[in-house]
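Have a look at the structure below, then the notes.
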Amino acid sequence: MRLTKKKAKIVTSAVESWIEEKVLSQEQGQMLLESYEVVGFDWKRLAKYSFWISIICIIISVGAIIADDFLRELLAKLFNAPEIIKCLFAALIAALIYYYGIKRKSKTPEKIFSNEAIFFLGVLATAGSITFLGRAIDIGSEHFSLLILLAAIIYGILGLWFPSKLVWIFSLLSIGTWMGTETGYMSGWGAYYFGMNYPLRFVLFGLVLTAASGAFSKWQLRHDFSRSTRAMGLLNLFIALWIMSIFGNYGDMHEWEKIKQIELFHWSVLFGIAAVVSIYHGIKEDDGMTRGFGITFLFINLYTRFFEYFWDNTHKAIFFAILAVNFWYLGSRAEKIWNLGGLPKQTETEKI
């Protein structure tokens, strides 16, 4: 087993404490200590960030080409073809990228990040193909949400087929975008759809995704997709609830400015209940994700309410002094819990 220096310290400390407490014999402890080796540098993290930076640089490079007048005119001359031809060309590029990605993944499945980076390039080519398709069939209806739905379906099928959690996440992002644009189109781009503003719609969307993650946990072949689906669901749910706790079910800023913030307190309560339920689930099921989301957004809820109700009525020196004491106490409690967890304390030499 290969562990980073930080993780190796934790394991070593745990094994040594078990030996002292006679939970393990000296021979068993020594065997465990010899069962892993310390990795001097986190190459996995470097690989992950390097591929993401590479992708960002590719996007910036393409953007620079588009922004350059001379290159843009040159590309216009080179690709002065009907939109449907551009669509098919981009689709062919995407297909070749996906084919290469699948072949490479079957040969070198351990190269997780580079394989996912290749699939991401396929995602970009697919988006380009769908964009050109939209231009080719444009009839001025502004019903472009159908194209987003098409992208969601394509990404969903490909993500489950490869499989690729990255492509699947783009499918979920596309579904959320489609839901927002489709309900906007159906309501004539008004603020409400069946009496719900945009944040409230995404509360329901987040609940649906979170519930759908349970289906993946029962699907043995795609069990790993459960966590990514649940993460997207919880992210949509809690961000939407946070916005609802501030603005409520209002779609007009002038109407919102006329009300008192206390009138939206029930949304804050609902936000808090959702966070507590998430924490309870995380503790009961030993799920770090739901526990982390719950704790994070519970604090976000509390500090948002603190700013809402005390910012105008409290002297700023007192306001920030209260915040300072609050965070100092939070940090002290976290430090105490960290020390109780048996993590090795650093000496002054190790800190340097």
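Each value in this text was obtained by applying a stated rule to the coordinates, not by laboratory testing. Predicted, not measured: the structure shown is a model, and the values here were computed from it. A quick note on method: Cβ atoms are made from the backbone with ideal geometry, for glycine too, and the neighbour counts reach across all protein chains shown.
Does region 81-123 come out rounded, prolate or oblate, given a ≥ b ≥ c as the square roots of the eigenvalues of its C-alpha gyration tensor, rounded meaning a/c under 1.5 and, failing that, prolate meaning a/b above b/c? It comes out prolate by the Cα gyration axes.
Applying both filters, DSSP loop and at most 10 other Cβ atoms within 10 Å, to the GluC sites (Glu not before Pro) of region 78-126 gives GLU110.
What shape does region 81-190 take by its C-alpha gyration tensor, where a ≥ b ≥ c are the square roots of the eigenvalues and a/c under 1.5 counts as rounded, a/b above b/c as prolate, and the rest as oblate? Oblate, since a/c reaches 1.5 and b/c is not below a/b. Placing unit charges on each Cβ (+1 for Lys and Arg, -1 for Asp and Glu) gives region 81-190 a dipole about its Cα centre, and among LEU121, VAL167, THR108 the Cα reaching farthest toward its positive end belongs to THR108. For region 182-241, applying the loop criterion from DSSP together with a ceiling of 10 other beta carbons within 10 Å to the trypsin sites (Lys or Arg not before Pro) yields LYS218. Each Lys and Arg Cβ is given +1 and each Asp and Glu Cβ -1; about its Cα centre, region 81-190 then shows a dipole of about 580 debye.
Over 26 Å between C-alpha atoms is what I'm after, so list which of LYS6/LYS103; LYS218/LYS284; LYS7/LYS111 land there. As for pairs spanning more than 26 Å Cα to Cα, those are LYS6/LYS103.
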